[in-house]
Amino acid sequence: MRTTELAFTAAVMLGCLFRIMHWTGAGFLILLGGSLLALFYFPFGFRTLPAPKQTDQLLWFSLLGGIALCTVVSGFVAYLLRWPHSSTVLLTGALGCGVALLTGVVLRYKHPRFDIYLDGLLMRCFVLGVLACTLLNLFDGAPFRG
């Protein structure tokens, strides 16, 4: 499943490169890769992360993390394609990633048996949440001025 996630991410990054270079097909690549990545995360994407046993995963936390990451990736797609209300979706996703990150850190230290499962989820929430906040702060709701 990790290769699937990497392939969808590569499609989004390639679409961003196309967007920067003003080549055709940028919107299609961003929409296709981002939508598939969002669907990959929603809602059980992290049930496939490595864990010694299926019982070393939490269903409610998989739902929380999956929905937060699905929302932030959907916000990225909408933001890159300049759709209306995209900054609201991106902000909601960033806040969801923050909640999942804080909850995951507490779970990781209270229940050490979940550490393998939580590490991947926490890293994804951190990276995507910081990227969403950076986009919102840099562009102030107006992506790609110029």
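The values are calculated or read from the model by the stated rules, or taken from the named source; none is laboratory data. The shown structure was predicted, so the numbers you read here are calculated from the model rather than taken from an experiment. Using ideal geometry, Cβ is built from the backbone for each residue, glycine included, and neighbour counts are taken over all protein chains shown.
Summary of computed values
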item	result
Complete set of residues in the stretch 68-119 that are farther than 23 Å from residue 39 by Cβ, out of contact with any Lys or Arg (no Cβ under 9 Å at 6 or more places or on another chain) and free of Cβ contacts under 8 Å to residues at least 24 places away in the same chain	102, 105, 106, 108, 109, 110, 111, 112
Where residue 48 falls short, out of the listed (1) surrounded by fewer than 16 Cβ atoms within 10 Å (Cβ to Cβ); (2) at pLDDT 90 or above; (3) of a type in the set (S, T, N, Q)	(2)
Test result for residue 125, closer than 22 Å to residue 58 by Cα and surrounded by 14 or more Cβ atoms within 10 Å (Cβ to Cβ)	yes
Some residue of the stretch 18-40 being of a type in the set (Lys, Arg) and either modelled with pLDDT of 85 or more or within 15 Å of the chain's Cα centre (by Cα) (or both)	yes
Given (1) of a type in the set (Val, Ile, Thr); (2) within 20 Å of residue 3 (Cβ to Cβ); (3) modelled with pLDDT of 85 or more; (4) out of contact with any Phe, Trp or Tyr (no Cβ under 8 Å at 6 or more places or on another chain), index of the condition residue 73 fails	(4)
